[in-house]
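To start, the structure under review is shown below, and the notes come after it.
The values are calculated or read from the model by the stated rules, or taken from the named source; none is laboratory data. None of the values given here were measured: they were computed from a predicted structure. Here the Cβ positions follow ideal geometry from the backbone for every residue, glycine too, while neighbour counts run over all protein chains shown.
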Amino acid sequence: MNSTDFSDYDVGTFFDELFASDTQPRAAAQAVVNFINQLPPGEYKRRQEAVDQALLKLGITFTVYGDEQGTEKIFPFDCIPRIVDTFEWSHIEAGLRQRITALNAFINDIYGPQEILKEGIIPRELVTGAKSYRKVCEGLKPPRGIWCHITGTDLIRHSDGGIYVLEDNLRCPSGVSYVLQNRLLMRRTFPKMISAVGVRPVDDYPLHLYSTLRHLAPDDVADPTVVVLTPGIYNSAYYEHSFLAQQMGVELVEGRDLVVRDGFVYMRTTDGFEKVHVIYRRIDDDFLDPEAFRPDSMLGVPGLLDVYRRGNVALANAPGTGIADDKVIYAFVPEMIRYYLGTEPILPNVDTYVCEVEEQRKYVLANLDKLVVKAANEAGGYGMLIGPHATQEERNKFAELIKADPRNYIAQPTLSLSRVPTLTGDHFEGRHVDLRPYILYGKDVWVLPGGLTRVALRKGSLVVNSSQGGGSKDTWVLAREFDSVTQTDETLYT
Amino acid sequence: MIPETRLAQPEPFEFDSESQAGFSPHSFTMLSRVAESIYWMARYVERAENIARFIDVNITFTLDAGDNDFGQWEPLIQITGDEEYYAEYYKKHDHLSVIQFLAFDPKYVNSLISSLNMARENARTVREAIPSEVWEQLNELYHFVRGTEASGTTLEGLAEFFQKVKQHSHLYSGLLDATMSRGDGWHFANMGRMIERADKTSRLLDVKYYTLLPKVSDVNTTIDDLQWSALLRSVSGFEMYRKRFHAITVQRVAEFLVRDPVFPRSCRFCLGQALESLRAIIENGQARETNSAIEKLTALKVHLDELDMRNTIDCGMHEFIDDFQLRLNDVGAAIFETYFDRAQLDLIPLVSEQSQ
């Protein structure tokens, strides 16, 4: 019993990503399960501990807001990968391409001709009344017509086996640095296992990102200067900003390093000003330019939006994309796909009740004990009620919040997220996971084969956010098809 | 004998036709904020290493002297110039108190741990600009020191600890030199490191000179005193000194530490290195009308080049070192004004777009 293997693994009543039943690994996971089962006693745990040490040494940490002592924390990493076979991946990839294409068309439309509103497919006030709608962006023409260059879409697998889209993150999605570092750690820790299984590489993400960003530079600039703009070292994702800049070989700048002069953006070098052509900004719209957005922002660059409007600098993502992140707007993405692309969504949404709509609100208020309620504009698992796990008092509080501001809330059924075996003490237990793949929209749409698998490390927990006890896993998209064993599962994905 | 072989040149890596653009004109210059952080990262690591050196040599001496823990540790407090702080928080002058103060006191801003913390914080803001190996080594050094406590550790244990700190620091320094391109980033780091080292060597000499030398008439007699050799050992210079001068006299030790042209921790050598880096930075950049940093650094280097040590000792070693440290601070201030001060940098006129 003391050896760390899968002999006593229990899938419970959940969909398990690696096991079809307690004793039967899925075909795609067979090689990994075999590998770990034949390790000498104690070896798996020893390697997991080596990884924990490496994380500290590498300084791969994130910052927790409101935590006074030692604000740097390691983002825990569990070595059992999530495994996605080629067939399922091509399904996911096609769904993500379709979705980002429609979302980009939507943003372009609502800050332009607003056809979708005119046709009444989405109620106008839901869009123009949203907190994240930027009136100042109306009429903007982003370079190459692309608004959302970098997207991280949250997917979950429900107990019915289907993959659903839970959230679109079109502002400054984070986490891709962990995808790359996790893979590095896995290759270091389990080199034989990874090569035996055959996993598609993720390491070329920075090159694709750089290429995507260069694509946005003004036409007449032969050798554009690309920078990453960070709010600074106290931002929770600072490590990632620094990592991406380093991997792309570009400067990491803060607002105070940039200045607008004569219609251009410059950075302050030891040698005076140097022109900047493309900014991968990891600062929210609100803080980007105090002249255009929040005047009290100390992080941004006064006059930046004006330079952008003149086409003298490119911003990725474009300002205003947050509107498509709004959880109420999310409910309409399937409609967008039908409207702009004339096709049915490949990846479905999770059923969503829009509290602004009266009969849906009634249903939500009557079923708070069964639903998950989310604020339209919050991220990171904040402003959220998980009905079945909440106290009556908490539910009452949310009922009041919903009645006071129905536009700001949506509700979804409590999902039974799938699980992946995760080291707990000396043995493996199933823990719930989601999956965030990353999509780049440059010359064409590119989907990173893999993504961040976030895992809720607390027993029974469904919250995978790093700020709330979540960890991560490597995601292995298989490079080749395996024997047709699970091809019978085909119905699951369609 | 097998002749040297020349390997076939690999094809340059290309991922996109866009990347074939020529060598960027901005490959060498860097963000002013980043340059400043790299400069301070290097200074703080060097500061930390020198604290470890001060303590290490004193521990060795204390161990040699047996139980006579007399007056050996107090001068280390004087080196810092922070006697007031010490008097406020510490009662005794025994080795444990002094080591706690110098190495492990997190509230004392110039302690080893505080210096490492500052080095790491500066490095953390410029991780993208330094090689990962350098960051990892610095991070490891920081965690190594943080995980150690003075109390409950024997002197022998502490000696081993401070030697390890030195080794970690050398590893960091070696990685910096072996893995970082000689662009402005490295040159700012090197300048910071060398200026800090020159300062620390002069401080060390100052304190030892003050405590060990009652009469100026002794300066030319052979003393081969344990303490003077300990001083040389603390800058890893004992063997190099022997090769140059053999017997120890005070004037020669001072000459060696201040003016030796080739010993890598002498003040003069360090300034020469800093000057070379500053020249490289200037060469990489655009012409400025004036540059007070190079003017002041050159003048200070020339001052050491032309210094007569006998004369200096006659006029007062302490006065000389005081003046040297003040002038070194001036150099630091000039570097700040020239390269890091936003208000000054914003006065540099815009250059028209390079033809590309």
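Scan the range A:170-198 for residues that are modelled with pLDDT under 95 and of a type in the set (Val, Ile, Thr) and jot them down.
A:Thr189, A:Ile194, A:Val197
Is it the case that A:Arg294 is more than 8 Å from chain B (Cβ to nearest Cβ), of a type in the set (Lys, Arg), over 30 Å from B:Ile282 (Cα atoms) and touching a residue at least 12 places away in the same chain (Cβ under 8 Å)? Before the answer, list the steps.
Working: more than 8 Å from chain B (Cβ to nearest Cβ): yes; of a type in the set (Lys, Arg): yes; over 30 Å from B:Ile282 (Cα atoms): yes; touching a residue at least 12 places away in the same chain (Cβ under 8 Å): no.
Considered against the rule, which asks whether it is more than 8 Å from chain B (Cβ to nearest Cβ), of a type in the set (Lys, Arg), over 30 Å from B:Ile282 (Cα atoms) and touching a residue at least 12 places away in the same chain (Cβ under 8 Å), A:Arg294 comes out as no.
Just to be sure before I move on: is B:Gly272 over 23 Å from B:Val57 (Cβ atoms), away from chain A (no Cβ under 14 Å) and free of Cβ contacts under 8 Å to residues at least 60 places away in the same chain in the structure I sent? Before you say what the answer is, go through the steps one by one.
Numbers: over 23 Å from B:Val57 (Cβ atoms): yes; away from chain A (no Cβ under 14 Å): yes; free of Cβ contacts under 8 Å to residues at least 60 places away in the same chain: yes.
Taking the combined requirement at face value, the residue satisfies it.
Take the conditions within 22 Å of A:Ser211 (Cα to Cα), under 27 Å from the mean Cα position of the chain (by Cα) and among the basic types (Lys, Arg) and apply them to A:Arg294. Does it pass? Let's see the steps before the verdict.
Details: within 22 Å of A:Ser211 (Cα to Cα): no; under 27 Å from the mean Cα position of the chain (by Cα): yes; among the basic types (Lys, Arg): yes.
In short, no.
Quick test for you: out of A:Ile121, A:Ile150, A:Ile146, A:Ile156, pick the one residue that is on the phi < 0 side of the Ramachandran plot, of a type in the set (A, V, I, L, M) and in contact with a helix residue (DSSP H, G or I) (Cβ under 6 Å, 6 or more places away or on another chain). Break it down into steps so the answer makes sense when it comes.
Numbers: A:Ile150 fails: in contact with a helix residue (DSSP H, G or I) (Cβ under 6 Å, 6 or more places away or on another chain); A:Ile146 fails: in contact with a helix residue (DSSP H, G or I) (Cβ under 6 Å, 6 or more places away or on another chain); A:Ile156 fails: in contact with a helix residue (DSSP H, G or I) (Cβ under 6 Å, 6 or more places away or on another chain).
Among A:Ile121, A:Ile150, A:Ile146, A:Ile156, only A:Ile121 is on the phi < 0 side of the Ramachandran plot, of a type in the set (A, V, I, L, M) and in contact with a helix residue (DSSP H, G or I) (Cβ under 6 Å, 6 or more places away or on another chain).
Residues that are away from every other protein chain (no Cβ under 14 Å) and surrounded by fewer than 19 Cβ atoms within 10 Å (Cβ to Cβ): list the helices (runs of 4 or more DSSP H) wholly contained in the range B:70-135 that include at least 2 such residues.
Values: elements: B:74-80, B:83-89, B:95-99, B:112-124.
Ranges flagged: B:74-80, B:83-89, B:95-99.
For the range A:363-389, give me each residue that is in contact with a strand residue (DSSP E or B) (Cβ under 9 Å, 6 or more places away or on another chain), outside any strand (DSSP E or B) and of a type in the set (Gly, Ala, Ser).
Answer for the range A:363-389, where residues must be in contact with a strand residue (DSSP E or B) (Cβ under 9 Å, 6 or more places away or on another chain), outside any strand (DSSP E or B) and of a type in the set (Gly, Ala, Ser): A:Ala376, A:Ala379, A:Gly381, A:Gly383, A:Gly387.
Does at least one position in the range A:31-52 carry a residue that is under 29 Å from the mean Cα position of the chain (by Cα) and at pLDDT below 90?
yes
Can you tell me which residue among A:Gly112, A:Gly152 is surrounded by fewer than 19 Cβ atoms within 10 Å (Cβ to Cβ), touching a Gly at 6+ places or on another chain (Cβ under 8 Å), at pLDDT 95 or above and not in a helix (DSSP H, G or I)?
Working: A:Gly152 fails: surrounded by fewer than 19 Cβ atoms within 10 Å (Cβ to Cβ).
Only one candidate qualifies: A:Gly112.
B:Thr5 is checked against (1) crowded, with 21+ Cβ neighbours inside 10 Å; (2) modelled with pLDDT under 65 and fails just one. What number does that condition carry?
(1)
Counting just the residues of the range A:345-362 that are acidic (Asp, Glu) and part of a loop (DSSP other than H, G, I, E, B), which one comes out surrounded by the most Cβ atoms within 10 Å (Cβ to Cβ)? Please lay out each step first, then the result.
As a first pass, look at the range A:345-362 and keep what is acidic (Asp, Glu): A:351, A:356, A:358-359.
From what's left, part of a loop (DSSP other than H, G, I, E, B): A:351, A:356.
On the way: A:Asp351: 12, A:Glu356: 21.
Checking each candidate, the answer is A:Glu356.
Exactly one of these conditions fails for A:Val276: (1) surrounded by 20 or more Cβ atoms within 10 Å (Cβ to Cβ); (2) farther than 30 Å from B:Thr290 by Cβ; (3) out of contact with any Asp or Glu (no Cβ under 7 Å at 6 or more places or on another chain); (4) modelled with pLDDT of 90 or more. Give me its number.
Single failed check for A:Val276: (2).
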